[in-house]
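Just below is one structure, and these are the notes that go with it.
The values are calculated or read from the model by the stated rules, or taken from the named source; none is laboratory data. Just so it is clear, the structure is predicted and the values come from calculations on it, not from any experiment. Note: ideal-geometry Cβ built from the backbone for every residue, glycine included; neighbour counts use all protein chains shown.
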Amino acid sequence: MTGALPETENAPRLRRWCLPVLALTLTLLGGCGDSEPGTSDQPSAGAEQPVTQDSRDTAGLQYPSEHLRVTRYPGELADADRDTWREQAPEIERIEIASSADDASQPALYYDSGSEREKPLLLVLHSWSTDYLQNIDIPLGQFAVANDWVFMHPNFRGQNDGRPESTASDLAIADMQDALDYALDNASIDRSRIYLLGYSGGALNAMHLASRNPDLFAGVSLWVPVYDLVSWYQWNAERGEKYAEEIAQACGGEPTPGTDAHDECAKRSAKSRIEDAAGKVRVRIAHGIGDQTVPPEQALHAYNDLADEADRISQEQIDQLMADRRVPDALKERSIHAQEDHARFDEADAPVLLHLKSGLAELILFDGEHDMLYRPGLEWLGEQER
């Protein structure tokens, strides 16, 4: 069993008791007016326009954050600081989790109400250029608190800045597993409702973790995933982006065919293990068709490796989509998006352009760029059960 020390002892326990009582008292007194739960009459500075749709879904889940997509969250995507989490999600604690792989320990943000009921677990993995304090994930933590889910947001060696111990290393993967095991050992978890979510570099790591626990997760939500580090290195090297240098440093050199660096990058790619999850766990991949940071071909290849052979997308269609940034007509004919309810995508002004399903795998291309939409991902996860 892994060990952890909470940031405080009594304050979180008091908050867990006081906040629900205060909310109930205000409701009974009519002090909340006509506002939706978790919203305010006046949006905060930098906030999106007030949401007109109900903040609950058909399952009764609450979405307390007014923010709908990470690219419109205040600040930069890589912003990370503990003070913002304390201010906006005070119930969430900082803990330390001992590593099973070395003598280090890794911090994490963690929430468990302590209620006796078996609760869903939401494990969220931070993206490429930041760490476990990533601010854009605050709405996900707020969702877990509002719905009495257990929330885990681990560090796994921090940002992918070229250090060999980062970037889907064996140490980073062990850290993710330790965080998962910590939640399972220390909270009352509904084992049929264990959920995993990752955005960008976080989706790379989520695929690694899902591949190693294919019989555990009820649903895995992947947004604009990095799938193949070798091809993503080439994409970034051609454009002079910093990610190419970070990949090369982490893997021990430029990943040209026949080199040890190429083999290391291939090993660290989710592509190397994804077949272990194929047909065993529900995976939904969502990608903005205009993404210039992680090209949508990464998501298309990930879907192909999860899908039945007859349902795969041809390389010709992938090339055409990448050239035009439009869904080819032949592929559009296979889409089920017209028959599915994608109200949460429409709500975020990111309409679905393509929706494919094959067994337990799904692919959605939406009108957008390098983005994650909070509510569609959470709503879909909440519907999944093993």
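Selection of segment 91-139 for residues being part of a loop (DSSP other than H, G, I, E, B), among the aliphatic types (A, V, I, L, M) and at pLDDT 95 or above yields 92, 133.
Which is crowded, with 19+ Cβ neighbours inside 10 Å and in a strand (DSSP E or B), of 208, 153?
153
Scanning segment 236-289 for residues that are touching a residue at least 24 places away in the same chain (Cβ under 8 Å), farther than 24 Å from residue 130 by Cα and assigned to a helix (DSSP H, G or I) returns 262, 274, 275, 276. Being touching a Gly at 6+ places or on another chain (Cβ under 8 Å) and assigned to a helix (DSSP H, G or I) is a property that does not hold for residue 316. Residue 371 meets the conditions (1) part of a loop (DSSP other than H, G, I, E, B); (2) of a type outside the set (Ser, Thr, Tyr); (3) over 17 Å from residue 225 (Cα atoms) in every case but one. The failed one is (3). Residues that are touching a residue at least 60 places away in the same chain (Cβ under 8 Å) and within 22 Å of residue 220 (Cα to Cα) do not occur anywhere in segment 82-96.
Applying a threshold of 6 Å to beta carbon distances and a minimum spacing of six or more residues, or different chains, the list of pairs starting in segment 158-183 at a residue that is without any contact (Cβ under 8 Å) to a residue 12 or more places away in the chain and ending at one that is buried (at least 22 other Cβ atoms within 10 Å of the Cβ) and assigned to a loop (DSSP other than H, G, I, E, B) reads 165/157. Can you name the residue in segment 277-320 that is farther than 18 Å from residue 213 by Cα and of a type in the set (Asp, Glu) and, of all such residues, is surrounded by the fewest Cβ atoms within 10 Å (Cβ to Cβ)? Per the criteria, the residue is 309.
Taking into account only those residues within segment 290-310 that are among the hydrophobic types (A, V, I, L, M, F, W, C) and outside any helix (DSSP H, G or I), which is nearest to residue 216 (Cα to Cα)?
By that ranking, first place goes to 307.
Within segment 230-264, being farther than 19 Å from residue 159 by Cβ, within 24 Å of the chain's Cα centre (by Cα) and among the aliphatic types (A, V, I, L, M) holds for one residue alone: 230.
Taking the numbered list (1) on the phi > 0 side of the Ramachandran plot; (2) among the small types (Gly, Ala, Ser); (3) buried (at least 18 other Cβ atoms within 10 Å of the Cβ) in turn, residue 359 passes all entries but (3).
Residues in segment 71-87 that are in a helix (DSSP H, G or I) and touching a Leu at 6+ places or on another chain (Cβ under 9 Å) were compared, and the one that is nearest to residue 199 (Cα to Cα) is 71. The set of residues in segment 319-344 being touching a Lys or Arg at 6+ places or on another chain (Cβ under 7 Å) and in a loop (DSSP other than H, G, I, E, B) consists of 336 alone. Only a single item in (1) touching a Leu at 6+ places or on another chain (Cβ under 9 Å); (2) touching a residue at least 60 places away in the same chain (Cβ under 8 Å) is not met by residue 292, and it is number (1).
Kindly indicate whether any position in segment 97-107 is of a type in the set (Asp, Glu), surrounded by fewer than 23 Cβ atoms within 10 Å (Cβ to Cβ) and over 23 Å from residue 250 (Cα atoms).
No, that holds for no residue.
Reported count of residues in segment 188-227, each being over 16 Å from residue 120 (Cβ atoms) and of a type in the set (Lys, Arg), is 1. Out of 148, 178, one residue alone is charged (D, E, K, R), more than 13 Å from the chain's Cα centre (by Cα), part of a loop (DSSP other than H, G, I, E, B) and surrounded by fewer than 23 Cβ atoms within 10 Å (Cβ to Cβ). It is 148.
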